[in-house]
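I have a structure here, written as structure tokens, and I will follow up with some questions on it.
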Ligand SMILES: CC(C)(COP(=O)(O)OP(=O)(O)OC[C@H]1O[C@@H](n2cnc3c(N)ncnc32)[C@H](O)[C@@H]1OP(=O)(O)O)[C@@H](O)C(=O)NCCC(=O)NCCS
């Protein structure tokens, strides 16, 4: 896992325009082409603004960017930090979202000093909710995401991670 770089544009564009991948992603503004995606990556403010952001996931055997994982500070949720992930369908079901999500949570608590991390998913996105659960999060409540609509909010605190 590493920070996004402009050279990820083509693979990231393919990921974000895959209908299977985007089925349960609500209201995301996907750039119109690879060049626009490259500009979006260059302008991505999170690493400088918050010191962290989503990370590209690189398949070690091939060097391919196969998805992303990581933490994001959400302006829409009072600055809460959420764990998000997205992978190419051919890599689903191998435990990669969980395997990459757990160290992100540990990083958030141990290195960034966060006292809480949340996860949001459409109620019908069973795979995503299962990943949140496998990462040790528990259901807290339903909330309305201004982009996606009614979503489940899961959360975890440092003590919950150590207990799980
Ligand atoms: C959600 C996503 C990241 C999961 O990635 P993954 O690497 O396959 O996740 P994992 O293998 O770590 O875990 C998936 C779990 O969901 C379960 N699952 C998947 N589809 C399921 C379904 N339709 N019903 C019930 N369980 C399901 C898997 O069995 C697994 O649980 P298990 O280990 O208890 O068997 C992947 O499906 C994806 O990229 N989806 C599109 C993007 C997306 O929706 N992102 C989340 C937005 S909130």
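The values are calculated or read from the model by the stated rules, or taken from the named source; none is laboratory data. Note that the coordinates shown come from a computational prediction; the quantities given were computed from them, not determined experimentally. Note that each Cβ is placed from the backbone with ideal geometry, even for glycine, and that neighbours are counted across all protein chains shown.
Quick test of your reading of the structure: residue 126 fulfils all but one of (1) more than 9 Å from the ligand (Cβ to nearest atom); (2) exposed (fewer than 14 other Cβ atoms within 10 Å of the Cβ); (3) within 22 Å of residue 15 (Cα to Cα). Name the failing condition by number.
(1)
Any chance you could count how many residues in the range 129-147 are within 13 Å of the ligand (Cβ to nearest atom), surrounded by fewer than 17 Cβ atoms within 10 Å (Cβ to Cβ) and modelled with pLDDT under 95?
Adding up the residues that qualify gives 1.
Select from the range 94-123 the residues that are over 23 Å from residue 51 (Cα atoms) and either touching a helix residue (DSSP H, G or I) at 6+ places or on another chain (Cβ under 7 Å) or within 8 Å of the ligand (Cβ to nearest atom) (or both) and list them in ascending order. First the steps, then the outcome.
Initial filter on the range 94-123 (over 23 Å from residue 51 (Cα atoms)): 94-96, 121-123.
Once the filter is applied, which keeps residues that are over 23 Å from residue 51 (Cα atoms) and either touching a helix residue (DSSP H, G or I) at 6+ places or on another chain (Cβ under 7 Å) or within 8 Å of the ligand (Cβ to nearest atom) (or both), the range 94-123 yields 94, 95, 96, 121, 122.
Oh, and also: Just one of 96, 112, 88 is under 14 Å from residue 157 (Cα atoms) and at pLDDT 95 or above; which is it?
Working: 96 fails: under 14 Å from residue 157 (Cα atoms); 88 fails: under 14 Å from residue 157 (Cα atoms).
Exactly one residue qualifies, and that residue is 112.
Counting just the residues of the range 67-85 that are out of contact with any helix residue (DSSP H, G or I) (no Cβ under 6 Å at 6 or more places or on another chain) and within 13 Å of the ligand (Cβ to nearest atom), which one comes out modelled with the lowest pLDDT? Can you show your working first?
Within the range 67-85, the first condition is being out of contact with any helix residue (DSSP H, G or I) (no Cβ under 6 Å at 6 or more places or on another chain), and the residues that meet it are 67-68, 72, 74-82, 84.
When the remaining residues are screened for being within 13 Å of the ligand (Cβ to nearest atom), the result is 67-68, 72, 74, 82, 84.
Values: 67: 98, 68: 98, 72: 97, 74: 94, 82: 97, 84: 98.
It comes out as 74.
Scan the range 25-51 for residues that are assigned to a loop (DSSP other than H, G, I, E, B) and either in contact with a strand residue (DSSP E or B) (Cβ under 6 Å, 6 or more places away or on another chain) or within 18 Å of residue 76 (Cα to Cα) (or both) and report the count. Write out each step before concluding.
First, the residues of the range 25-51 that are assigned to a loop (DSSP other than H, G, I, E, B): 25-33, 44-45, 51.
Next cut, either in contact with a strand residue (DSSP E or B) (Cβ under 6 Å, 6 or more places away or on another chain) or within 18 Å of residue 76 (Cα to Cα) (or both) only: 25-29, 44-45.
Qualifying residue count for the region: 7.
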